[in-house]
Amino acid sequence: MRPLALAPALAAALIASPALAATIEVTIDKLVFSPASVQAKVGDTIEWTNIDILAHTATVKGGWDVMIPAKSKGKVTLTAAGAVDYFCRFHPNMKGHIEVAP
Ligand SMILES: [Cu+2]
C-alpha cells in the first residue's frame with residue numbers, strides 16, 4: 001500500500017514544479033520601482049513595466065543587467081536563490097530588492 005499512497009504526491013510534485021513558476025510584475029513610475037521589494041522563487045520571472053518616458057535598467061552588481069526602454073517592458077528569469085539588490089544604472093537612486101526562495 002505504501003508505494004500507492006506515495007505515488008499521487010510524487011506525481012503532483014513533478015507536475016506542479018514547472019506550473020508554479022510565476023511572473024511577478026513590477027511597475028516603474030516616476031523613477032520608482034513599485035513594489036520596491038518582492039518575493040519570488042527560483043524559476044519565476046520578474047517583469048518590469050516602465051511607464052516613464054525615460055529608459056531604465058534593472059542591474060545587479062556582478063549579475064544580470066536588464067534594459068527597460070521608455071514605455072516598454074523588460075524581464076529576467078531568476079535562476080539562483082538568495083537576496084538580490086538591484087538598481088538603475090541611469091538613476092542609481094532607484095533601488096529594488098528580490099527575495100528568491102529555492
Ligand atoms: Cu532609471
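Values as computed for the structure displayed
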item	result
Residue list for the stretch 36-93, restricted to those being under 13 Å from VAL26 (Cα atoms), under 10 Å from the mean Cα position of the chain (by Cα) and among the basic types (Lys, Arg)	LYS75
Candidate set: the stretch 55-102, residues that are closer than 16 Å to PRO35 by Cβ and aromatic (Phe, Trp, Tyr); chosen: the one nearest to the ligand (Cβ to nearest atom)	PHE87
Qualifying positions in the stretch 18-49 - acidic (Asp, Glu) and away from the ligand (no atom under 16 Å from the Cβ)	GLU25, ASP44, GLU47
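Conditions (1) within 20 Å of ALA21 (Cβ to Cβ); (2) touching a residue at least 60 places away in the same chain (Cβ under 8 Å), marked per residue:
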site	(1), (2)
LEU31	no, yes
VAL38	yes, yes
ASN50	no, no
THR59	no, no
THR79	yes, no
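Computed from the coordinates by the stated procedures, all read-outs in this text should not be read as laboratory data. This is a predicted model, so every value here is computed, not measured. For neighbour counting, all protein chains shown are included, and Cβ atoms are generated from backbone atoms with ideal geometry for every residue, glycine included.
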